[in-house]
Amino acid sequence: MATAPGLDLNLLNPQQKEGVLHPSGPLLVLAGAGTGKTRVITYRIAHLLESGVPPGRILAVTFTNKAAGEMRRRIEELAPGKGALVWAYTFHAFAARLVRTHHDLLKIPRHFTIYDQSDQKRTVIEAMKTIGLEDQHSKASMYVGIISRAKDDLLDAQSYSIHAMTAGEPARKTAAEIYLAYQRQLDAAGVLDFGDLLLKTCELLRDHESVRAHYQELFTHMLVDEYQDTNHAQYILTKTLAARHRNICVVGDDDQSVYSWRGANIRNILEFETDFPDAKVVTLEQNYRSTSRILEAAGQVIRNNKSRKPKNLWTTKPAGESVSVTELSNEMEEAGWIARRIQALITAGRSLREFAIFYRTNAQSRSFEEALRRAGLPYVIVGAMRFYERKEIKDALAYARLILNSADTASLLRIVNIPPRGLGKTSLDRIAGYAQAQGISLWEAFRRQAQIPQLTAGARHASGELVLALEKLRADASGVTASRALALIMEQTGYWSWLESLVASDPEATGRLANLQELLNSSKEYEEGAGKDCPQDLAQYLEAVSLQTDLDAYDPNKPALTLMTVHLAKGLEYPVVFLTGLEEGLFPIGAGNASDSELEEERRLCYVGITRARELLHITYAATRRIFGQVYANLPSRFILEAKLLFQGVPADAARAPVSADAGAVLAANRRLYACGAKAGMRVKHPDFGGGRVLDTAGSGDTLKVTVAFDDGRTAKFLARYAPLEKA
């Protein structure tokens, strides 16, 4: 069989090859963690190209810009000259392309603005004001989430309102009112939010038969990465586009479905064979990432889930070191122990970028940051404030959005007094009131400032100056590159010179100027990456920026160790991983009140954390933790017990927690030796490690620790309260 220049099928294992060579029809590739799913996707695309499928008729979608870029790069390496022509996008970037292409059918402006979460929150607050709910502005983030989930489910404002009225629940009726007011604001401003990109695309394909038929015919092959993370809108989009040719390949792992809180539905992958009864199923189980002991721990945990496709990961790698479980007295001791352990491993020859510290919630990062600073260990936090969310960057981009779309009220309100123009709240309220009374945009009201009663001469002058400045900027920035347009914005608005004037009095001004310079660098890099045949203008750059995700700016090659939540760790891997805070109530979070499905998702999240580790995995938990100022005693997470791991290095002064009612069932089987006591020389047995003899004991009751020499030569220390040891 002829193959592409870089396409060596001998590099694939039998299951990978089966997925790559599948001739036609629906294909489900169940890819366990670290089993080479990206290789299967890229090789399959390269094989299709080699088989004569035109690159422009292949659509591949994934979830992050970084993943899409990596996919494009690998395909081009395997099929030079063709790979770059494949439609390889994130879901949202693909949707943005279709919406912009067919904006006239959707009755939205060509240069629509895409709002991020902070823009959404600001708009929700404004919407709440218009319906008399300004006193509830503290709930704005909650309503942003409700609206986003509704759009994920393809419920526009009117549909959601009908559902809310039918349900008759006051809280849903309030949410529906806010959603309607919010959507009116977006529509008036010519703005889409992230949810709209998919919602509008699905509406486009649903309501316009010719458009639907065109794309169904165009894409003869469709590939979807991370299918377990798809929401309802993505599911409908995928099924619609694949309906004509049915050559759909979805790749994913139900064991790594951890985003239900943002709309992902695990049923999409679990029920793929129901949607496509003739689907071919290929299961990838050979892991190329982790040692067998790490995989064993992961497997022991995830087998406790009922809603899953059976998979048993295996590897030809050596067994490696045992997974360690360490109890520390509190979160500061936990962080300090990890910092010391990292220092020791660096002394032994490891580099900073080999380490990652994972935690369940962002609030846990503080103790690690303090410990790492004290230890002089450089670190980066993934998911902290992104570059494009910094104030000065958002200010500059607001100007850019405004010159492309004058109806963008949120951007206008952001820059109206930046630099200061002397337009106070009273003047702005009068201008906004006039706009509402006349049924015009806020920008148009600014243009008509001379007609607004009660506006002071100073306010009229300032408003007029702003209008003149923006209209000149709009003219000057037309037809130039993104970097030139941004430079004009900083010069002509006076923003750069204003920040320069603050350097002597504001210690942050210098950093802000540096960030603006970095913004110019970013636009230059975008232009270089776009290539001479691709648009390099401001509109395209703003779209690329608006579709950035938390992981897109992350550089794993920086000489620093990494801190992040377990959710953000999905798709990454590190030689050494510290999986922290494994306590009942924290991980799994809300264990006592969680439903079965919520606990299964928490278990999948733990599985994700474990399988990020290549060589060493350290699991830690704190016997006590301060939460909202109160100190709470903790039980170790049920996931530690499910993994059947050996407890090691328990400090003698670690605080002990009583067995609570909700965790009692989990621990009931592990108290036999604890109940009868233990003495040196006693024969004991462990369900996984077999028979052994007690070498030593320390403490008593809840603090009883037992050191056991097993018959197979292993020695381990247990906290008897948790250990499944019996007297032999």
What are the aspartates and glutamates whose alpha-carbon lies under 20 Å from the alpha-carbon of Lys280, with same-chain residues fewer than 8 places away excluded?
Glu18, Asp225, Glu226, Asp253, Asp254, Asp255, Glu271
Compute the length gained on full extension between Ser505 and Ser118: take 0.36 nm times their separation in residues and subtract their Cα-Cα distance, giving the result in nm to one decimal.
136.5 nm
If the limit is 20 Å between Cα atoms, which of Lys151/Lys239; Lys66/Lys524; Lys66/Lys309; Lys17/Lys311 go over it?
Lys66/Lys309
Go through Thr174, Thr291 and list them by solvent-accessible area, largest first, probe radius 1.4 Å.
Thr174, Thr291
Rank Thr315, Thr201 by accessible area, highest first, at a 1.4 Å probe radius?
Thr315, Thr201
Phe689 accessible area, nearest 10 Å², 1.4 Å probe?
30 Å²
Give the peptides 78-85, 323-330 in descending order of average Cβ contacts within 10 Å, highest first.
323-330, 78-85
Tensor-based shape of the stretch 463-547 (alpha-carbon gyration tensor, a/c under 1.5 rounded, otherwise prolate or oblate)
oblate
Heads up, the stretch 74-122 by the C-alpha gyration tensor (a ≥ b ≥ c square roots of eigenvalues; a/c under 1.5 rounded, else a/b over b/c prolate, else oblate) looks oblate
Quick check: at a probe of 1.4 Å, how many percent of the accessible area of the stretch 38-151 sits on carbon and sulfur atoms?
53 percent
Please list 3J(HN,Hα) in residue order for the stretch 317-333, calculated via the Karplus relation 6.51 cos²θ - 1.76 cosθ + 1.60 where θ = phi - 60°; whole Hz, with x for glycine and proline.
5, x, 4, x, 6, 5, 6, 9, 10, 10, 8, 10, 5, 7, 5, 6, 5
Starting from the residue with the highest accessible area, list Met222, Met682, Met142 in decreasing order, probe 1.4 Å.
Met142, Met682, Met222
Using a 10 Å cut-off on Cβ atoms, rank the peptides 515-525, 39-49 from the highest mean neighbour count down.
39-49, 515-525
For P(r) over Cα pairs in 10 Å bins from 0, in percent, one of (1) 2, 13, 24, 26, 20, 11, 3, 0, 0; (2) 3, 12, 20, 23, 20, 13, 6, 2, 1, 0; (3) 3, 12, 20, 25, 23, 12, 4, 1, 0, 0, 0 was computed from the structure I shared and the rest are decoys. Which label?
(2)
Rounded, prolate or oblate, given the Cα gyration tensor of the stretch 385-466, with a/c below 1.5 counting as rounded?
prolate
Could you work out the mean projected area of the convex hull around the alpha carbons of the stretch 204-266, in square nanometres to one decimal?
4.3 nm²
Would you mind getting the Kirkwood hydrodynamic radius of the stretch 60-207 from its Cα pairs, rounded to one decimal in Å?
16.8 Å
List the aspartates and glutamates whose alpha-carbon lies under 12 Å from that of Lys394, not counting same-chain residues fewer than 8 positions away?
Asp116, Asp119
Return the calculated 222 nm mean residue ellipticity for the chain, to the nearest 500 deg cm²/dmol, obtained by summing -39500 (n - 2.57) across DSSP H runs with n ≥ 4 and dividing by the residue count.
-14000 deg cm²/dmol
Take the alpha carbon atoms of the stretch 223-258, find their center, do the same for the stretch 1-71, and report the distance between the two centers in whole angstrom.
15 Å
With all protein chains modelled, accessible area of Glu370 [1.4 Å, Å²]
50 Å²
Per residue, in Å², the accessible surface of the chain once ligands and nucleic acids are set aside, probe 1.4 Å
42 Å²
Carbon and sulfur atoms: what percent of the 1.4 Å accessible area of the stretch 369-493 do they account for?
51 percent
Under a crude label model (7 Å from the Cα following the beta-carbon direction), how far is Ala680 from Ala709 in nanometres?
1.1 nm
At 1.4 Å probe size, with the rest of the protein present, what percent of the exposed accessible area of the stretch 185-257 is carbon and sulfur atoms?
47 percent
Residues whose placed amide H lies under 5 Å from that of Tyr379, excluding near-sequence neighbours
Leu561
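The values are calculated or read from the model by the stated rules, or taken from the named source; none is laboratory data. Please read these numbers as outputs of a predicted model, since none were measured by experiment. Virtual Cβ from ideal backbone geometry, glycine too; neighbours counted across all protein chains shown. These area figures cover heavy atoms from the full protein model, side chains too; ligands, DNA and RNA do not enter into them. Shrake-Rupley method; radii C 1.70, N 1.55, O 1.52, S 1.80 Å.
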